[in-house]
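Here the structure is laid out as structure tokens; the discussion comes afterwards.
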Amino acid sequence: MTLTTEATEPLQLGGPQLAQRRNLVTEIPGPRSRALTARKTAAVARGVGVTLPIYVQAAGGGVVLDIDGNTLIDLGSGIAVTGVGNAAPAVVAAVTHQVAQFTHTCFTITGYEGYVEVAELLNSLTPGSHEKRSALFNSGAEAVENAVKIARYFTGKQAVVAFDHAYHGRTNLTMALTAKSMPYKSGFGPFAGEVYRAPMSYPFRDGDLAGPEAARRAISQIEKQIGAANLAAVIIEPILGEGGFIVPAPGFLPAIAAWCRENGVVFIADEVQTGFARTGSLFASEHEGVVPDLIVTAKGIAGGLPLSAVTGRAEIMDAAHVGGLGGTYGGNPIACAAAVASIRSYQDDGLIERARQIETVLRDELQAIARVDRRVGDVRGRGAMVAIELVDPETNEPDAALTSRVAQAAHADGVILLTCGTYGNVIRFLPPLTISDELLRDGIAVVRKALATS
């Protein structure tokens, strides 16, 4: 069976039936992708960049098939979105069924069961046994904004603290929360006010400062510069994503969360990238037993469809007046159907354990590279969210140029590879949880070769 966009251009269906091997039949990008890049340049705003200018016709398992017939290994998952696999059969079936029923009503006008079912699942699965409520939105940034809104309304306070190296989105408020200027903030100000920044635990770059001590450093700055009496919320990614896959030292997150509880400050965990089995637990907060007051989810929640959520303590979530939360497309019925299928897959298909198996492969392979290549300064992460930080081996200074060369070489050799980090020197590995060990090892071998020749 094929799908067509034009009568003469058959497209292959995606999903796990795609051959699970890297196979290049043209240079990357190929001629048809280059032609579409020319069309993109003429039609799409310049600010919308494309990291690897291939154009996709199908994807599934651990591969992406482009319109030139090249099969690439997917080590990006659409930035941690397709954890259950691209075109996952259960998601496709759920979406197909829902499309045939209705595509939209706006939940705040006339409700539907899918929205309620997603909220129920989130309330039952997120950390903590307390009574919870959820609200659904479209994107991670939109959910972050709403979490801050809710915290401000509940506490009657305005100040919000985010951390060094944080990334929370591209809207005005979330740009203020985000630490990195280029490309996310530069030229787009002024930004929302009453946003402050505290130092993050970054073991590789703060001398392996112990987690509790790093927390005391951050709390001291918060108390001196803002004061708990003025602070509505602290927001943090349990593992920093765009900032460089930074895993804070043990004890850092629990200490920050405990201080928030003691001082009437809402503790918000931004699990947009870390949520839904990505780190080897359903949520990354669980690794240290942290129970957020509010938890923000998106990306992996719905198998590639746009959906996000804020879930939290009932008394906080219920504080806002009726009509104060919502949006035209928030909790769209098609996205909700995809989310129910995806969440059940994480629970029932062994994907949490699969993330842990992927971590074992990634760590074994990447640490082997680090032992023979001193430019690999650090291997870190959890589950299927692992990174290497590339440095000058003599000074430990970030080497963004090397990182760019490695990524470009991997792209040319058929591997979708993403970079990140405040200093632009981190290569991140975010494979779908459906990728095979064989395919994963082949992708890492390409990275090893790219490092050796860069």
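Could you please let me know if I352 is among the aliphatic types (A, V, I, L, M), surrounded by fewer than 21 Cβ atoms within 10 Å (Cβ to Cβ) and either in contact with a helix residue (DSSP H, G or I) (Cβ under 7 Å, 6 or more places away or on another chain) or assigned by TED's automatic domain parsing to the domain that holds M182 (or both)? The answer is yes for I352.
Here S124 fulfils each of the conditions (1) closer than 21 Å to T274 by Cα; (2) buried (at least 16 other Cβ atoms within 10 Å of the Cβ) apart from (2). When restricted to residues that are of a type in the set (D, E, K, R) and under 24 Å from G15 (Cα atoms), segment 35-66 contains 1. For segment 399-441, the set of residues classified as surrounded by 18 or more Cβ atoms within 10 Å (Cβ to Cβ), among the charged types (D, E, K, R) and either closer than 30 Å to A302 by Cα or touching a residue at least 60 places away in the same chain (Cβ under 8 Å) (or both) consists of D413, R428, listed by residue number.
Is it fair to say S454 is over 30 Å from P250 (Cβ atoms), under 22 Å from the mean Cα position of the chain (by Cα) and not basic (K, R)? Spell out the reasoning first.
Details: over 30 Å from P250 (Cβ atoms): yes; under 22 Å from the mean Cα position of the chain (by Cα): no; not basic (K, R): yes.
When the stated conditions are applied, S454 does not pass them.
From the list G193, G264, G207, the one residue that fits, being within 21 Å of G156 (Cα to Cα), modelled with pLDDT under 95 and not charged (D, E, K, R), is G193. A single entry from G377, G381 fulfils the requirement of being surrounded by 20 or more Cβ atoms within 10 Å (Cβ to Cβ), in contact (Cβ under 8 Å) with a residue 24 or more places away in the chain, of a type outside the set (S, T, N, Q) and on the phi > 0 side of the Ramachandran plot: G381.
I'd like the residue in segment 314-372 that is hydrophobic (A, V, I, L, M, F, W, C) and without any contact (Cβ under 8 Å) to a residue 12 or more places away in the chain and, out of all such residues, is nearest to L282 (Cα to Cα). It would help to see each step written out before you state the result.
Going residue by residue through segment 314-372, those that are hydrophobic (A, V, I, L, M, F, W, C) are 314, 316-317, 319-320, 322, 325, 334-341, 343, 351-352, 355, 358, 361-362, 366, 368-370, 372.
Retained after the next criterion (residues that are without any contact (Cβ under 8 Å) to a residue 12 or more places away in the chain): 322, 368, 372.
Values: V322: 31, A368: 28, V372: 34 Å.
The extreme case among them is A368.
For the condition modelled with pLDDT of 95 or more and under 30 Å from I222 (Cα atoms), what is the one hit in L305, L351, L362, L294?
On the way: L305 fails: under 30 Å from I222 (Cα atoms); L351 fails: under 30 Å from I222 (Cα atoms); L362 fails: under 30 Å from I222 (Cα atoms).
Just one listed residue meets the conditions, L294.
Of the residues in segment 378-388, at least one is closer than 24 Å to E237 by Cα, in the same structural domain as V446 (by TED's automatic domain parsing) and part of a loop (DSSP other than H, G, I, E, B). Every condition in (1) outside any strand (DSSP E or B); (2) touching a strand residue (DSSP E or B) at 6+ places or on another chain (Cβ under 9 Å); (3) more than 22 Å from L52 (Cα to Cα); (4) not aliphatic (A, V, I, L, M) holds for D442 except the one numbered (3). Of everything listed in (1) out of contact with any Ser or Thr (no Cβ under 8 Å at 6 or more places or on another chain); (2) more than 21 Å from S308 (Cα to Cα), the single unmet condition for A277 is (2). Of the residues contained in segment 201-217, one or more are found to be of a type in the set (D, E) and over 25 Å from the mean Cα position of the chain (by Cα). Residues considered: A166, A147. Of these, the only one that is surrounded by 24 or more Cβ atoms within 10 Å (Cβ to Cβ), within 30 Å of G114 (Cα to Cα) and not charged (D, E, K, R) is A147.
Which one is farthest from the chain's Cα centre (by Cα), of the residues in segment 126-144 that are in a helix (DSSP H, G or I) and either of a type in the set (G, A, S) or farther than 12 Å from T297 by Cα (or both)? The selected residue is A143. Residue pairs whose Cβ atoms lie under 9 Å apart, separated by 6 or more positions or on different chains, with the first residue in segment 230-256 and in a strand (DSSP E or B) and the second acidic (D, E), are A232/E194; A233/D293; I235/D270; I236/D270.
Count, please, the residues in segment 281-309 that happen to be hydrophobic (A, V, I, L, M, F, W, C), closer than 23 Å to K149 by Cα and surrounded by fewer than 24 Cβ atoms within 10 Å (Cβ to Cβ). Show your work before the answer.
Within segment 281-309, the first condition is being hydrophobic (A, V, I, L, M, F, W, C), and the residues that meet it are 282-284, 290-291, 294-296, 298, 301-302, 305, 307, 309.
Next cut, closer than 23 Å to K149 by Cα only: 283, 290-291, 294-296, 298, 301, 307, 309.
When the remaining residues are screened for being surrounded by fewer than 24 Cβ atoms within 10 Å (Cβ to Cβ), the result is 283, 290-291.
Residues that pass the stated criteria total 3.
So, N396, is that one surrounded by 24 or more Cβ atoms within 10 Å (Cβ to Cβ) and either out of contact with any Lys or Arg (no Cβ under 8 Å at 6 or more places or on another chain) or assigned by TED's automatic domain parsing to the domain that holds T96 (or both) or not? Criteria not met by N396.
The values are calculated or read from the model by the stated rules, or taken from the named source; none is laboratory data. Predicted model, so just to flag it, every value in this text is computed and none were measured. Positions of Cβ are generated from backbone atoms using ideal geometry, with glycine treated the same way; all protein chains shown enter the neighbour counts.
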